[in-house]
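Worksheet for the structure shown next.
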Amino acid sequence: MEHIVIIGNGISGVTAARHIRKLSAKKITIVSAESDYFFSRTALMYVYMGHMKFEHTQPYENWFWKKNRIDLKKGYVENIDTENSTLHFTEGDLLTYDKLIIATGSKPNKFGWPGQDLEGVQGLYSKQDLENLEVYAPNNKVCKRAVIVGGGLIGIELAEMLHSRNIPVTFLVRESSFWNGVLPNKESELINREILSNGIDLRLSSNLKEIKSDENGKAKSVIIEETGEEIFCDFVGLTAGVSPNIDIVKNSNIETGKGFKVNRYLETNISNIYAIGDCAEQQEAIGNRRPIEAVWYTGRMMGETVAQTICGNRVEYKPGHWFNSAKFFDIEYQTYGWVWAQPKDNEARFYWEHESSKKCIHINYDKNTREFIGINTFGIRMRHEFFDKILSEKQTVEHVLEHLTNANFDPEFYKLYEKEIVAKFNAENNTNIQLKKKSWKRIFQVN
Amino acid sequence: MKHIQNIGLGLFLVGLSIFTSLIFIGKYEVTPEVLENIINNKGIKSELFINSMKSNVVGKEFSNPFTFSSSMISALETANESHKQNSEWDKVIWDKPHSFAYEIVKQSGNGIIKENKWLFWWLTFGLGILGALMYIIPAVIVKGPPGIKNNGIWFNAATNRGWVGWLVFIFLVGFYLLLYFRPSYIVNWTYIVDPISENLSGNLASQWFLYGFLYCVVMTVMAVRMYIKYRHNKYQILRTTSVLFFQIVFAFLIPEILVRFEKPWYDFKNAFPLDYDFFFSWNLDQLIASGGLGLFILIWGIVLTVVIVPVMVYFFGKRWYCSWVCGCGGLAETLGDPYRQLSDKSLKAWKLERWLVHGVLVFVLMMTGFTLYAYFSGAEGVLGIKTQTIQDIYGFLIGSIFAGVIGTGFYPIFGNRVWCRFGCPLAAYLGVVQRFKSRFRITTNGGQCISCGNCSTYCEQGIDVRAYAQKGENIVRSSCVGCGICSAVCPRGVLKLENGPEKGRINPTEILLGNDVDLMDLVNQK
Ligand SMILES: Cc1cc2nc3c(=O)[nH]c(=O)nc-3n(C[C@H](O)[C@H](O)[C@H](O)COP(=O)(O)OP(=O)(O)OC[C@H]3O[C@@H](n4cnc5c(N)ncnc54)[C@H](O)[C@@H]3O)c2cc1C
Ligand code: SF4
Ligand code: SF4
């Protein structure tokens, strides 16, 4: 029986395994050094915050694996012998495979800062990171101040986490406004305000120069590049992005760039080796997507795709329309299609913000064809299905606004803002769009 | 703010301690007049009992309700035993011993509590309410701006099955055991609500009045907590207001006022088979004897169960009852909210749930069938089983132990919907309708789920919501009470409770949006 080995028990590896099992009776082994069972990395923050216990982050009960004949092996793969199709583990044991899927994920970036390996300095990626956080920042007695370096999605999550335990946080953001490489200014500023209103000491346009050590080799302060200011702290979180975890191939002939280079079939240059998820790098970018996409959904889709290929139905990885979501303290964010930080030449924008400054939407569309390109929505939930359909059908911005009631996904009885939004659009664009009533027929596409 | 909270907690605990210690204070003495009264009212013919009371109880002062009740109960039991042996059936006292004792004790207590009912009301209920509110209200500031703030729930010994949880468990179980099985021990509690009862129904408070009043108070105070916790979520606010309204007006005020006008005590929203004794002969007789209103109640009760309940479930899901109207649900959603994360999400628990809850439904339907058969045919029982026996077993096992002692007592251990999930026959009935014929579902928002697990953790019904959401499937489960908390706690806006067309409601395939459409077709072909 063909033996499929998967390195990495994250969302991509596990999705691949589940789908291979659905499609075939092949022998499947998942290898991981991090945890016994698959858990949801995205939920690490809620464990530290006390919303959940670690076991709640595990999407499948422990019996699931045996029942589905998916073998789990705990161990760290040190080397891949591609000639003999064999994995070498740190512990010295070996495992042979017929096909190998590499799904090793990412690791936090470290840019060679002095002091980056001191005690009390860490990223937020793995289960071990979570455990170390409990050692160095369990409460505001042990950790009188924390400094977070890097203003991305993980940085703001870490800020929220520490804040939940009343630990004062200084948040160093290299950019002039939070995440403004991705978010347009208005949204970015809205999030700046949210961060500040939660009492976080937000420092924009601030780079880390070095982390200073105390006599025991533990971090005691950070120095800011621009001002030379020294901030005393007991914990430093490094959250300046992640990059593919390719440590494993140091001595092998698998082709890498930043990540494992794969073609559209998620195949590496070695015929029986595939790479998926955070660690995979597309040889050529797909559409407007980046060659490496370190997001949950990408790993899941790649896992589904590679399972088909491995089970004899070779298919291309063809992701659909881009979508994503996040939460910034109390403000939820969803995006469908593309809304770049800076509009492109052919693009026009429409922005609406609620007076509370906690809700806004930003629509991107083509100036000439009026085609809807994407939407950012903050503090209002919207329907994925609605926008997916709009994007596939290449509908106009007017069509979207006309049917905006169908897009709303907030809980029942929530206040609706579509009227206000459409009125603003009409006023700004001299249009006369009439908001249509909510229609179940359209929402569910029942005929 | 923390100080106010601590003082509040202190006051609450003082109030609770006084309340608890009331059981042990006061004095009890049966005067010859009281005995005379009881003998006449109950038509007691047992001279054995009367003599034993006269020589062992009457005129003696007891300093606690325990020895007092037990001496009366032993008098009653010895008398009954010898009457039964001699087949003197008319002399046997058929009352349940502890209810019988309750009536005497209620008339025989005296001392400081009975003389200062309002004072003790303030020292117990008053302090408790004040303290609880002082603890709850500062959360507006302490917990930060509106939003989901479940911080530290799993670190807190009160909410993670820690020692506080176990203490609360012991207290609640103790309370229910006394309430159901030893009412004669808690007459002092009933004294302090006598004035309120007299104002409403004109009668002195029974243990059931005490329970109803306490229920309303607890729900109101804990509703304040809900209003603060979910002040950003209108669904939660409206739902909380609705259960509170139905509890106070329908389950408490209207029935008491009915009694004042010498009508039968009836809770108009309490539908059969949750209201399991609706078709018991004593209830039917009472209703039929109460003229127009009684007849109306009889018809209403049947229409409620047969027509209104299923039709509403068709349009809105079982949530309209379970988390907008029902009293059990009301307590679970207010007092029980801090414990919702303790429900068991395992597949095993789901299996157990289906056996138990449908088992209880079958049990109640059989019991009712037997009862009605006996009622109309005049038979004592069916198939050699006395209907009375079946009713007693159901009342004891399901009505008292399951619904009360386990249902509420186990909040801090098994979560707040143990009864609703595993035991309630009405929920089982509503669930069948919801699963197979309803417009209600929880829609999953395409591919947005990140499998974080908040929804499953906070589902009080132990539904593994994530298992559906991460596949892009809608959640259509018979046990979902539509509390809306899964949707509230989801950090990615994945879940929406809604009523829509039946078509496409259940989508049991892996429809993950954002993926290649052709691939999805393949995946779904299987
Ligand atoms: C805190 C945090 C929050 C996030 N939130 C979101 C979010 O809200 N939305 C979103 O879209 N994405 C989010 N992400 C990103 C998302 O979690 C990742 O994209 C996703 O988990 C990647 O999955 P993966 O399966 O590719 O890799 P991983 O989940 O990283 O799994 C790789 C596994 O392989 C193991 N491994 C690596 N090398 C070896 C080896 N040599 N031997 C054995 N085992 C090895 C690793 O230990 C790890 O267990 C978040 C990430 C983090 C850290
Ligand atoms: S599935 Fe959601 S709405 Fe239904 S009972 Fe569970 S938490 Fe409440
Ligand atoms: S809470 Fe939301 S994102 Fe998390 S598992 Fe549930 S549905 Fe998915």
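The values are calculated or read from the model by the stated rules, or taken from the named source; none is laboratory data. Here the structure is a predicted model, which means the values were calculated and not measured. Here the Cβ is made from the backbone with ideal geometry for all residues, glycine too, and neighbour counts use every protein chain on show. We work out accessible area using only protein heavy atoms, side chains counted, and drop any ligands, DNA or RNA first. Shrake-Rupley method; radii C 1.70, N 1.55, O 1.52, S 1.80 Å.
Compared with the direct C-alpha span, the chain from B:ILE254 to B:TRP163 gains 28.8 nm at full extension, assuming 0.36 nm per residue. In terms of distances greater than 18 angstrom between alpha carbons, the cross-link table entries B:LYS348/B:LYS496; A:LYS27/A:LYS73; B:LYS91/B:LYS386; A:LYS186/A:LYS394; B:LYS143/B:LYS229; A:LYS66/B:LYS348 yield B:LYS348/B:LYS496; B:LYS91/B:LYS386; A:LYS186/A:LYS394. Counted residue by residue at 0.36 nm each, then reduced by the alpha carbon distance between them, the extension gain from A:LYS415 to A:ARG290 reaches 41.3 nm. Each residue of the stretch B:358-372 was assigned a 3J(HN,Hα) from its phi angle through the Karplus expression (A = 6.51, B = -1.76, C = 1.60, θ = phi - 60°), giving 6, x, 5, 4, 4, 4, 5, 5, 5, 4, 5, x, 4, 4, 5 Hz with x at Gly and Pro.
With 26 Å as the limit, write out which pairs from A:LYS358/A:LYS441; A:LYS441/B:LYS351; B:LYS96/B:LYS263; A:LYS220/A:LYS327 have Cα-Cα distances beyond it, or answer none. Going by Cα-Cα distance, A:LYS358/A:LYS441; A:LYS441/B:LYS351; A:LYS220/A:LYS327 fall outside the 26 Å limit. Computed FRET efficiency, Cβ-Cβ of A:GLU215 and A:GLU189, R0 45 Å: what is it to the nearest 0.05? About 0.60, to the nearest 0.05.
Taking the accessible area of the stretch B:55-141, probe 1.4 Å, and keeping the other protein chains in place, the carbon and sulfur fraction comes to 61%. When the square roots of the Cα gyration tensor eigenvalues are ordered a ≥ b ≥ c, the ratio a/c for the stretch A:14-142 is 1.5 or more and a/b does not exceed b/c, which makes its shape oblate.
Give, as ranges by residue number, the residues of the stretch B:468-502 whose backbone N falls under 19 Å from the point 7 Å along Cα→Cβ of A:SER392. Correct set: B:471-474. Given R0 = 56 Å, the distance between the Cβ atoms of A:LYS22 and B:ARG231 translates into a calculated FRET efficiency of 0.80. Modelled this way, with points 7 Å down the Cα-to-C-beta line, the labels at A:LYS141 and A:ASN313 are 5.9 nm from one another. Buried area at the A:B interface is about 5300 square angstrom, summed over both chains, from accessible surfaces computed with a 1.4 angstrom probe. Compute the long axis of helix B:2-21 from its Cα atoms, compare it with the longest principal axis of the Cα atoms of chain B, and write down the angle in degrees, 0 to 90, nearest 10. That helix lies at roughly 30 degrees to the long axis.
Around the amide H of A:LEU202, modelled in the peptide plane, lie the amide H atoms of A:PHE171, all under 5 Å away and 5 or more residues distant in sequence or on another chain.
With a 10 Å cut-off around each Cβ of A:375-381, the average count of Cβ atoms from other chains is 2. Label 7 Å along Cα→Cβ of A:ASN269; the stretch A:68-86 residues with amide nitrogen under 17 Å? Of the residues in the stretch A:68-86, A:80-84 have backbone N under 17 Å from the label point off A:ASN269.
Solvent exposure of the protein assembly as shown, expressed per residue, is 41 Å² of accessible area, with all protein chains present and a 1.4 angstrom probe. Overall, the anisotropy analysis places the stretch B:105-200 in the oblate class: the square-rooted eigenvalues a ≥ b ≥ c of its C-alpha gyration tensor yield a/c not less than 1.5, with a/b not exceeding b/c. In chain B, helices alone account for a calculated mean residue ellipticity at 222 nm of -16500 deg cm²/dmol, with every DSSP H run of four or more residues adding -39,500 (n - 2.57).
Shape class of chain A from the Cα gyration tensor (axes a ≥ b ≥ c, square roots of the eigenvalues): oblate, since a/c reaches 1.5 or more and a/b does not exceed b/c.
Using a cut-off of 19 Å between alpha-carbon atoms, which aspartates and glutamates can reach B:LYS269, once sequence neighbours fewer than 8 places away in the same chain are excluded? By straight Cα distance, B:LYS269 reaches B:GLU256, B:ASP277, B:GLU333. GNM on chain A, alpha-carbon springs under 10 angstrom: the most fluctuating residue among A:TRP322, A:TRP340, A:TRP113 is A:TRP113. Evaluated with a Cβ-only charge set (Lys, Arg +1; Asp, Glu -1), the stretch A:174-232 carries a dipole of roughly 100 debye about its Cα centre, given to the nearest 20. Loop sites only, by DSSP: take the chymotrypsin sites (Phe, Trp or Tyr not before Pro) in chain B that have at most 15 other C-beta atoms within 10 Å and name the longest stretch containing none of them. Longest run free of exposed loop sites: B:266-526. Between the Cα long axis of helix B:47-56 and the first principal axis of chain B there is an angle of about 90°, rounded to the nearest 10. Leaving out ligands, DNA and RNA, what percent of the accessible area of the stretch B:341-407 is carbon and sulfur, probe 1.4 Å? In the stretch B:341-407, the share of accessible area belonging to carbon and sulfur is 71 percent. Straight-distance candidates among the lysines for linking to A:LYS53, with alpha-carbon spacing under 17 Å and chain neighbours fewer than 8 residues away dropped: A:LYS127, B:LYS149, B:LYS345.
Between the Cα long axis of helix B:234-245 and the first principal axis of chain B there is an angle of about 20°, rounded to the nearest 10. Between B:THR67 and A:ASP93, the distance separating the two model label sites (each 7 Å from Cα on the Cα→Cβ line) works out to 7.0 nm.
Is it possible to state the helix-based mean residue ellipticity at 222 nm for chain A, with each DSSP H run of 4+ residues giving -39500 (n - 2.57), the sum divided by total residues, to the nearest 500 deg cm²/dmol? What is it?
-7000 deg cm²/dmol
Counting only other chain Cβ atoms within 10 Å of each residue's Cβ, the peptide A:40-52 averages 6. Taking chain A as a Gaussian network of alpha-carbon nodes connected by springs under 10 Å, the highest mean-square fluctuation of the residues A:LYS107, A:LYS26, A:LYS141 belongs to A:LYS141. The mean count of C-beta atoms from other chains within 10 Å of the C-beta of residues in A:319-325, rounded to a whole number, is 5.
DSSP assigns beta bridges within the stretch A:45-196; of those with both partners inside it, close to 65 percent run antiparallel.
For the stretch B:330-353, a decrease in accessible area of 30 Å² or greater in the assembled protein chains relative to the isolated chain, with a 1.4 Å probe, applies to B:LEU347. Placing dummy labels 7 Å off each Cα toward the beta-carbon, the span from B:LEU352 to A:LYS438 is 3.8 nm. Accessible surface of the stretch A:42-140, 1.4 Å probe: 48 percent of it comes from carbon and sulfur atoms.
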